[in-house]
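> Below is one structure. I have some questions about it.
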Amino acid sequence: MTLPGKGSGKASGKGSDMAHWLIKSEPSAYSWQQFVKDKRTSWTGVRNAQAAANLKAMKPGDRCFFYHSNEGKEIVGIAEVAKAAYPDPTDESAKFVTVDVAAVGPLKQPVTLAAIKAEPKLKEFGLVRQSRLSVVPVSVDQWKLILKMSGEK
């Protein structure tokens, strides 16, 4: 998979860092295959305050790893934030937000949680340190290493 214009870690033309994230979904609830079929979705239902703060920090153009949690436990694809945070229509309390994400493409090879935990350079990765958090930031170095682990260039 080619990721045009996103390899530098900089948002094109702006000179600011593009952020990277990891978003989790249980395949039985919403799978990568369904996401690809839908092409775009609202990332609703996040009710943890820290994960919600991460959603609020997302900007259009940011890239996200799509992680299958509980079943599979692996990063399977890449998404892009298509719309910044707005009120989550599934939240009756009106306290939480959602973002819209669009499917970019699958990883060449999924990267398992076991492989991530076995890599010393990823010991500080949010998926390892805060394993229950559904939306976590990914540093540029972590992003590049996980792409390399997946067989991407």
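> For the stretch 108-147, what does the alpha-carbon gyration tensor say about shape, rounded, prolate or oblate, given a ≥ b ≥ c as the root eigenvalues, a/c under 1.5 as rounded, and a/b over b/c as prolate?
Verdict is rounded for the stretch 108-147.
> Mind sorting SER134, SER69 by how few other Cβ atoms lie within 10 Å of their own Cβ, fewest first? Working shown, then result.
Working: SER134 21, SER69 18.
The fewest-first ordering by Cβ neighbours comes to SER69, SER134.
> If you take the alpha carbon radius of gyration of the chain and divide it by 2.2 N^0.38 Å, what ratio comes out, to two decimals?
The chain yields a ratio of 0.98.
> Next question, about the same structure. Identify the GluC sites (Glu not before Pro) of the stretch 51-88 meeting these criteria: DSSP loop state and at most 13 other C-beta atoms within 10 Å of the C-beta.
Here the GluC sites (Glu not before Pro) that fit, given the DSSP loop and packing criteria, are GLU71.
> So for LYS83, LYS108, fewest C-beta neighbours within 10 Å to most, what's the order?
LYS108, LYS83
> Only Lys, Arg, Asp and Glu count, each charged at its Cβ (+1, +1, -1, -1), so figure out the dipole size of the chain about its Cα centre, rounded to 20 debye.
400 debye
Where a number appears in this text, it was derived from the coordinates with a stated rule and is not lab data. All figures in this text were calculated on a predicted structure; none of them were measured in a lab. Every residue, glycine among them, receives a Cβ derived from its backbone with ideal geometry; neighbour counts consider all protein chains shown.
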